[in-house]
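One structure is given here, and the rest of the page talks about it.
Rule-based calculations on the coordinates, nothing more; no lab input. Everything numeric in this text was worked out from a predicted model, so none of it was measured. As a convention, Cβ positions derive from the backbone with ideal geometry for all residues, glycine included, and neighbour counts pool all protein chains shown.
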Amino acid sequence: MDPLLFATAYALSTSAGLRPFLTLALASLAMHFGYLHPAHEFAFLGSDGATVMLASLAMLEFVGEKIPAVDHALHFLHIGIKPVAAALLVGSAAPDVASGDGSAYGFALMSAAALNALGVHAGVATVRGASTATTAGLANPFISLIEDAAAVASTTLALLAPLAGAALALALTLALFFGTRSIVRRLRPRPTPARLA
């Protein structure tokens with residue numbers, strides 16, 4: 001397997017786990033202007049209509065993530081949206097394996113991308129839940145801005161410098177993993193010491 005393709009797939013699916021519509025919109029723009037050449041089955045993502053629609057959804061997502069009630073609703077909807085977005089992105093970015101003799105491999109890569117996006121989403125949701133509980137949601141818009149910046153950086157690097165994009169995606173994944181583990185440990189009830197009679 002081409003390591004650059006794997007790096008691109010990993011970076012895009014991680015970015016989709018942060019911001020599905022923003023990642024799709026950036027990839028659509030790249031397709032629209034000829035920087036990304038999608039598999040035939042996914043060429044519609046670079047069409048005028050898809051680019052405008054995805055850019056509009058990305059703007060709504062950006063604003064909605066800063067409003068607590070809308071943010072919670074989006075996180076619920078993202079359980080289904082993020083894996084689909086990741087699969088579409090990886091399928092479109094892997095024209096050699098998405099069709100023809102490599103279709104089984106392409107579907108496996110798309111499935112792995114969907115699972116990766118879902119795992120990233122779980123980490124993001126845990127961090128947001130802890131932020132809501134400890135800051136009454138006041139820190140959530142700032143965390144959201146960090147996620148926006150990370151998604152833009154990861155997607156841009158995935159398309160222009162895949163290995164750097166994969167490295168950033170791995171750093172983000174590790175940060176979410178250790179952050180989530182720390183939150184879970186703090187929330188886990190501590191055993192009370194036994195009293196001596």
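So, by mean Cβ neighbours within 10 angstrom, what's the order for 130-139, 53-62 with the highest one leading?
53-62, 130-139
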- Computed lengthening from residue 44 to residue 4, 0.36 nm per intervening residue step minus Cα-Cα distance: 12.1 nm
- Spacing of the two label points (7 Å from each Cα toward its C-beta) at residue 33 and residue 108, in nm: 3.6 nm
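Contact order normalised by length for the stretch 3-177, with contacts defined as Cα pairs under 8 Å and 6 or more residues apart; what percent is it? Show your work: numbers first, answer last.
On the way: 269 pairs, mean separation 64.8, N = 175.
Over the stretch 3-177, the number comes to 37 percent.
Using a Förster distance of 22 angstrom, determine the FRET efficiency expected from the C-beta separation of residue 115 and residue 164, and round it to 0.05.
Values: r = 23 Å, r/R0 = 1.05.
Once the sixth-power term is evaluated, E becomes 0.45.
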- Pick the calculated percent of Cα pairs over 31 Å apart for this structure from [x] 12; [y] 50; [z] 21? [z]
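List 90, 52 from most exposed to least, where exposure is judged by having the fewest other Cβ atoms within 10 Å.
52, 90
Please compute the length gained on full extension between residue 76 and residue 59, using 0.36 nm multiplied by the number of residues separating them and subtracting their Cα-Cα distance. Can you show the working numbers first?
Details: separation 17, 0.36 × 17 = 6.12 nm, distance 1.83 nm.
Contour length minus Cα-Cα distance gives 4.3 nm.
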